[in-house]
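The values are calculated or read from the model by the stated rules, or taken from the named source; none is laboratory data. These figures come from a predicted structure and were not determined experimentally. Virtual Cβ from ideal backbone geometry, glycine too; neighbours counted across all protein chains shown.
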Ligand SMILES: Nc1ncnc2c1ncn2[C@@H]1O[C@H](COP(=O)(O)OP(=O)(O)OP(=O)(O)O)[C@@H](O)[C@H]1O
């Protein structure tokens, strides 16, 4: 049978939620029992581990979306994003910390798991959630925060508790989209009444999560958030519209071989003020034109026209 040290290590890895370590220990135990001639026990241990891994993979593949959380399979890599140096290194750090959560927990530390994502629409907040989920091999669960809120007393907090129950029991990266719906300061004293209680419930629940799940909250305006929120998150990531250099990177990544001239300097001014999403849309529109009209490639004039179109849409929407 397993010796005292093996049992203690297993228990420790269970309580520190270090599933990789737990998995390794079970395998070591099976090998140990096999060496001692307990082949049946060794086989049983191996089967249990294999079955559990299968179940975990199934959970990832088939995590059932419900009316509160929409589960998605994350498909985006960090290298797919165009990010400034600061954001890129912060994301790398979050990924590394969470990959090494077991190591950190052994030293009484925990990885940064609650992150506020703040910035203009279309600058990569949802994409970030997907990147983190993929890098950490977890499903992505999106919570549309405005859908949580109802006018009935107690109903929103009850829904929130349900969401956090899932967060606790199923490891995933959870994104509270449009977080202002419960975190916004403007609701503080308003008739929406319950919102304050909802926010307090959120703050309590978020502090009591012990799973490996990451909790992200996205907002378009960090200044509209209740100040109590800032210190409750482990980190805040700020998303800006793309810089000159990022505009060029975005366009070159997207247009790639469709634009053989490959010089994007002349477009920087024209794309200024547009979000990443709008620039990507301008590029995608060009590629679609190219495909539909059987064009060999995209001309400079076409790029200028497409960016001008996006600028006029942007001004229409924001005027
Ligand atoms: N940093 C980025 N790098 C590359 N592409 C980006 C980036 N940000 C946004 N995009 C493009 O824009 C699309 C929309 O981005 P995303 O949904 O992540 O924005 P968001 O910040 O979550 O917006 P919203 O606040 O409106 O929800 C992405 O699918 C991608 O095509």
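For the stretch 72-88, the set of residues classified as in a helix (DSSP H, G or I) and buried (at least 18 other Cβ atoms within 10 Å of the Cβ) consists of 87 only. Just one of the listed residues (91, 132, 160, 117) is within 26 Å of residue 201 (Cα to Cα), assigned to a helix (DSSP H, G or I) and within 16 Å of the ligand (Cβ to nearest atom), and it is 132. Take residue 97 and tell me if it is surrounded by fewer than 21 Cβ atoms within 10 Å (Cβ to Cβ) and at pLDDT below 95. No: the conditions fail for residue 97. Return yes or no: is residue 318 closer than 20 Å to residue 121 by Cβ, surrounded by fewer than 16 Cβ atoms within 10 Å (Cβ to Cβ) and away from the ligand (no atom under 11 Å from the Cβ)? Yes: the conditions hold for residue 318.
Within the stretch 101-113, can one find any residue that is under 20 Å from residue 69 (Cα atoms), surrounded by 14 or more Cβ atoms within 10 Å (Cβ to Cβ) and touching a helix residue (DSSP H, G or I) at 6+ places or on another chain (Cβ under 8 Å)? Yes: the stretch 101-113 contains one or more residues that are under 20 Å from residue 69 (Cα atoms), surrounded by 14 or more Cβ atoms within 10 Å (Cβ to Cβ) and touching a helix residue (DSSP H, G or I) at 6+ places or on another chain (Cβ under 8 Å).
The residue that is farthest from the ligand (Cβ to nearest atom), counting only those in the stretch 139-157 that are in contact with a helix residue (DSSP H, G or I) (Cβ under 7 Å, 6 or more places away or on another chain) and farther than 27 Å from residue 223 by Cα, is 153. Is one or more of the residues making up the stretch 257-280 buried (at least 18 other Cβ atoms within 10 Å of the Cβ), out of contact with any helix residue (DSSP H, G or I) (no Cβ under 8 Å at 6 or more places or on another chain) and closer than 30 Å to residue 112 by Cα? Yes - at least one qualifying residue is present in the stretch 257-280.
Selection of the stretch 51-71 for residues being surrounded by 11 or more Cβ atoms within 10 Å (Cβ to Cβ) and modelled with pLDDT of 75 or more yields 68, 69, 70, 71.
Hey, could you check the stretch 241-271 for residues that are outside any helix (DSSP H, G or I) and in contact (Cβ under 8 Å) with a residue 40 or more places away in the chain and say which is farthest from the ligand (Cβ to nearest atom)? Checked the stretch 241-271; the qualifying residue farthest from the ligand (Cβ to nearest atom) is 259. The number of residues in the stretch 272-293 that are in contact (Cβ under 8 Å) with a residue 40 or more places away in the chain and within 14 Å of the ligand (Cβ to nearest atom) comes to 5.
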